[in-house]
1. Pick out the one residue from A37, A27, A78, A10 that is outside the structural domain of I107 (by TED's automatic domain parsing) and not in a loop (DSSP other than H, G, I, E, B).
2. Please indicate, with yes or no, whether at least one residue in region 118-126 is within 24 Å of G51 (Cα to Cα) and either modelled with pLDDT under 95 or among the hydrophobic types (A, V, I, L, M, F, W, C) (or both).
3. Just to be sure, is E128 farther than 22 Å from P5 by Cα, part of a helix (DSSP H, G or I) and in contact with a helix residue (DSSP H, G or I) (Cβ under 9 Å, 6 or more places away or on another chain)?
4. Scan region 204-222 residue by residue and report those that are touching a residue at least 60 places away in the same chain (Cβ under 8 Å), assigned to a helix (DSSP H, G or I) and loosely packed, with under 15 Cβ neighbours inside 10 Å.
5. Say whether the condition of being touching a Phe, Trp or Tyr at 6+ places or on another chain (Cβ under 7 Å), without any contact (Cβ under 8 Å) to a residue 40 or more places away in the chain and not in a strand (DSSP E or B) is met by at least one residue in region 152-163.
6. Out of everything in region 168-198 that is aliphatic (A, V, I, L, M) and without any contact (Cβ under 8 Å) to a residue 60 or more places away in the chain, what residue ends up being surrounded by the most Cβ atoms within 10 Å (Cβ to Cβ)?
7. Could you check region 131-150 and list, in sequence order, the residues that are surrounded by 22 or more Cβ atoms within 10 Å (Cβ to Cβ) and of a type outside the set (S, T, Y)?
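The values are calculated or read from the model by the stated rules, or taken from the named source; none is laboratory data. Keep in mind it's a predicted model, so treat the numbers as computed, not measured. Note that each Cβ is placed from the backbone with ideal geometry, even for glycine, and that neighbours are counted across all protein chains shown.
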Amino acid sequence: MIEPPPTRWALPSLEAAGPDEIAGVGADLEPGTLLAAYRSGLFPMRLGTGGPIGWWSPDPRGIIPLDGLHVSRSLRRAQRRWSVTVDTEFESVMRGCAAPGRAGSWIDESFVAAYTRLHELGWAHSVEARDDGAGELVGGVYGVAIGGLFAAESMFHRATDAGKVALVALVDRLREGGGSLLDVQWATPHLATLGAMALPRARYLILLRDATTRPVAPFAVG
């Protein structure tokens, strides 16, 4: 991993932040800014199509405990159907997540470029589900890894349960590599079926500080 130059922005502190999910607006998507944000508990999303960058910190915050992932029988069957790769099609996974009509359609070209750059520096990663017979990407998840933290940004599927298969593989990799915190932003009803839970922001920040300072790198060998 290559540490980029530090951000030139003073990002908002969450220690005394109020209940609003949006802690600040503006700044940029440079690698140093993104890493500083994730280390402090923030993540970026635009405020509307073409709008400014908002820096979000939901309270409560969604996580999936690495020892609490729910894998149904149908998902276990899907694991036998799709193969898994890591960091082979990062940009394609991002574009799958950004497809029109999906919840991740806020992912515009500036985000694709910014996170691809972060990927090239060794900080952003993708886990892909593949149909080997057709040679196609059928699902995936991407996010940012810092120490024991994996901040999952978005997940997509083009075949039933393919995105979930990638998520299971991600959890397995984090467990094996010393990861400690899988951040999923919001504990939506869909993610709750996989074991996601909601934590108060204050508790999340404690876990975040521990995770980001751990001397581990689950994605060091890809």
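1. Only one candidate passes the filter, namely A37.
2. yes
3. no
4. Hit for region 204-222 is D210, nothing else.
5. yes
6. Selected residue: L170.
7. L137, V138, G139, G140, V141, G143, V144, A145, G148, L149, F150
Yes/no per residue for (1) out of contact with any Lys or Arg (no Cβ under 8 Å at 6 or more places or on another chain); (2) assigned to a helix (DSSP H, G or I); (3) of a type in the set (S, T, N, Q):
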site: T116; (1), (2), (3): yes, yes, yes
site: Y142; (1), (2), (3): yes, no, no
site: A145; (1), (2), (3): yes, no, no
site: D172; (1), (2), (3): yes, yes, no
site: E176; (1), (2), (3): yes, yes, no
site: D183; (1), (2), (3): no, no, no
